[in-house]
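Working notes, beginning with the structure itself.
Values in this text are rule-based calculations from the coordinates and carry no lab data. All values derive from a computational prediction rather than experimental measurement. We place every Cβ from the backbone using ideal geometry, glycine too, and count neighbours over all the protein chains shown.
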Amino acid sequence: MKLVECVPNFSEGKDLKILDQIAAAIKSVKGAILLDMDPGADTNRTVFTLVGEPEPVIEAAFQAIKKASELIDMSKHHGAHPRMGATDVCPFVPVSGLTMEDCVEFAHRLAKRVGEELKIPVYLYEYAASKPKWKNLAEVRKGEYEGLEKRVGDSNWKPDYGPHEFNKRSGATAVSAREFLIAYNINLNTRDKKKAHDLALTIRESGRLKRDKNNKIVKDKDGNKLREAGLFTHCKAVGWYIDEYNRAQISINLTNYKVTPPHLVLEKVRELAIEKGIQVTGSELVGLIPKDAILMAGKYYLDRLEESCGIPEKMIIETAVQSMGLDDLTEFDTNEKVIEYAIAPKDNLVNMTLSEFADDLSSDSPAPGGGSVAALCSAISGSLTAMVSNLTFNKKGYEKVWKETKALAEKGQDIKERSLYAIDKDTQAFYAMMDAVKLPKKTEKEQKIRDQAIQDSTRNAILVPLETLEIAFEAVQLAENIASIGNKNALSDAGVAAITANAAAKSAYLNIQINMPGIEDEHFKFDILTKAAELVDKVNNIALKVEKLIKSEV
């Protein structure tokens, strides 16, 4: 799943009617999910957080900026927070299935449209910055709104997009791409804020002021105070006392969890705290966390335990929660705290019981249908391979293949997860085709839009089962691997993994073929059909080979 977060900040924190209208503009875009709206009256600023797949999120961000330009007059704005526009900043953050380069592209697309259509000057900062100096938001926002008029005519301040003019009403907007920020607190068994802050100084990137043996601050020859760097980059931290919990905490912002993940910071703090006679009682996640980040933590602790990571995601997450003490102060609800689970529709097919899915499948509705069943077969194949791998790992007599089966179990779980996602994706692709067919066609322009929508949706309805077919190819190869080295008592399960992968491949191929007549692009037809035919033959040959092997064994 490709997920991006967007966090636009608007220069309004008091008038809820304005904020509700901006929220409505975001919610009007199908597929964009508004996770949070956090207004601040003193700062006169509100932070919105929206998540979804890239296209709807980019569209929702534009609609929100447009609505803010209509409702917020910067010439009358006052607030404690630095700002230069009605929409002050609008960063894109990769959550899953996307790179920082993708988010830089999204930033450029949004900035270009805002500049051209809304006539608002737009500056790019952080990872999207067009010049090194502008990587720092404070540099881009220097002088704030009141200094924008002085920039006009100065080539050094020509915006990346939009007119090099003073927009009195909307000011200017800064758009960027940045890493996900994780707000994370570590709980201590002390009420002493100083002890917590001392630990914070040790771990944070900016470190602490350097002192000599007499505890005096060390300065260089020019009188500048010297610092000792902290242990972790991308880490900001302070110590504080929380009256509500009657204890001290280390409050941490991690600005790049891929470099400095919370579990590694926690383990170092545990080590440092013990040296000072302090006990870490647990930790607290403020806000949401990407699934990838908490899975990293769970796998880290499972590896330390020398246990398999090829288990269901929620079991890995539970290991992380228990190991990090994330439920020390309050209950940790995975469905609320992990972004991917928090935004998942509750009425998805994958959330049904087996009997509910079978009932839905057997009704007179054309979807879900064979494409979703193909993805289900692929998911079952991956699950069975993971099962056989887990029944082999750490088992006596199979020591030579422990490392290999541990890796196969993880790959099987990955195939399962991607296949489960494809179950709903296939049904959604079908309904998108139906929506395209229903579009108006009274005028030539409407007909053209409808025709293009039909072509685009039909393409997607072909590419989705093609993706299932590609996953099925991975699944059958995995089944072949485990069939040759896995626990002999579970050999039949490896065979079923190969057979269900074959069923997935053949079923997906039929779904590709049935939608192909609607495609006008002959090159697309030839390329996809050729690729699909080759893949389904490969899957079938491997599946038959595995079946033959297992029959000879049993």
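Points worth noting:
- Modelled spin-label separation between Tyr245 and Ala533, with each label point placed 7 Å from Cα along the Cα-to-Cβ direction: 6.3 nm.
- Amide H partners (placed H, <5 Å) of Arg247, local residues excluded: Ile242
- Glu534, Glu5 arranged by Cβ crowding within 10 Å, fewest neighbours leading: Glu534, Glu5
- Mean residue ellipticity at 222 nm, helices only, the chain: -17000 deg cm²/dmol; runs of at least 4 DSSP H residues each add -39,500 (n - 2.57), and the sum is divided by the number of residues.
- Treating r as the C-beta distance of Asn214 and Glu271 and R0 as 45 Å, the FRET efficiency rounds to 0.95.
- Sorted ascending by nearby beta carbons within 10 Å, beginning with the fewest, Ser283, Ser365 become Ser365, Ser283.
- Length available on full extension from Asn351 to Glu55: 0.36 nm per residue minus the Cα-Cα distance, which gives 104.1 nm.
- Reducing the stretch 34-51 and the stretch 433-511 to their Cα centroids gives an inter-centroid distance of 40 Å.
- Put a plus charge on the Cβ of each Lys and Arg, a minus charge on the Cβ of each Asp and Glu, and nothing anywhere else: the dipole of the stretch 3-177 about its Cα centre is then about 480 debye.
- Only one residue of Trp157, Leu302, Val265 has its Cα farthest out toward the positive end of the dipole of the stretch 155-304, where Lys and Arg carry +1 and Asp and Glu -1 on Cβ, and that residue is Trp157.
- Rounded, prolate or oblate (a/c below 1.5 giving rounded, otherwise prolate when a/b exceeds b/c) for the stretch 4-128 by Cα gyration tensor: prolate
- 11 Å beta-carbon shell around Ala24, net charge (K/R +1, D/E -1): +2
- The Ile514 and Lys112 beta-carbon pair, evaluated with R₀ = 41 Å, returns a calculated FRET efficiency of approximately 0.55.
- Size of electric dipole in the chain: Cβ of Lys, Arg +1 and of Asp, Glu -1, about Cα centre, debye, nearest 20: 2040 debye
- Note, ³J(HN,Hα) from phi for the stretch 499-515, Karplus 6.51, -1.76, 1.60, rounded to Hz, x at Gly and Pro: 5, 6, 5, 5, 4, 4, 5, 5, 5, 5, 4, 4, 5, 5, 5, 5, 8
- Across the chain, the mean sequence separation of Cα contacts (distance under 8 Å, 6 or more residues apart), normalised by length, yields a relative contact order of 9 percent.
- Here the residues Ser492, Ser507, ranked from fewest to most Cβ neighbours within 10 Å of their Cβ, fall in the order Ser492, Ser507.
- Of interest is the spacing of the C-alpha centroids, which for the stretch 59-122 and the stretch 192-229 amounts to 38 Å.
- Global form of the stretch 309-349, assessed from the alpha-carbon gyration tensor, a/c cut-off 1.5: oblate
- Vicinal HN-Hα couplings computed from phi for the stretch 126-139 (Karplus, 6.51 cos²θ - 1.76 cosθ + 1.60; Hz; Gly/Pro x): 6, 5, 8, 4, 8, 9, x, 4, 8, 4, 8, 4, 4, 5
- Farthest positive-ward along the chain dipole, Cα basis, beta-carbon charges - from Pro39, Pro345, Leu3: Pro39
- Cα gyration tensor shape for the stretch 1-64, rounded if a/c is under 1.5, else prolate or oblate: prolate
- For Val175, residues with placed amide H under 5 Å, excluding near neighbours: Cys90, Tyr123, Leu124, Tyr125
- Spin-label pair Ser96-Asn541: with each label point 7 Å from Cα along the Cα-Cβ axis, the two points sit 3.5 nm from one another.
- Couplings 3J(HN,Hα) of the stretch 274-289, computed from phi: 4, 4, 9, x, 9, 10, 7, 8, x, 8, 9, 9, 9, x, 9, 9 Hz, in residue order, whole Hz [Karplus 6.51 cos²θ - 1.76 cosθ + 1.60, θ = phi - 60°; x for Gly and Pro].
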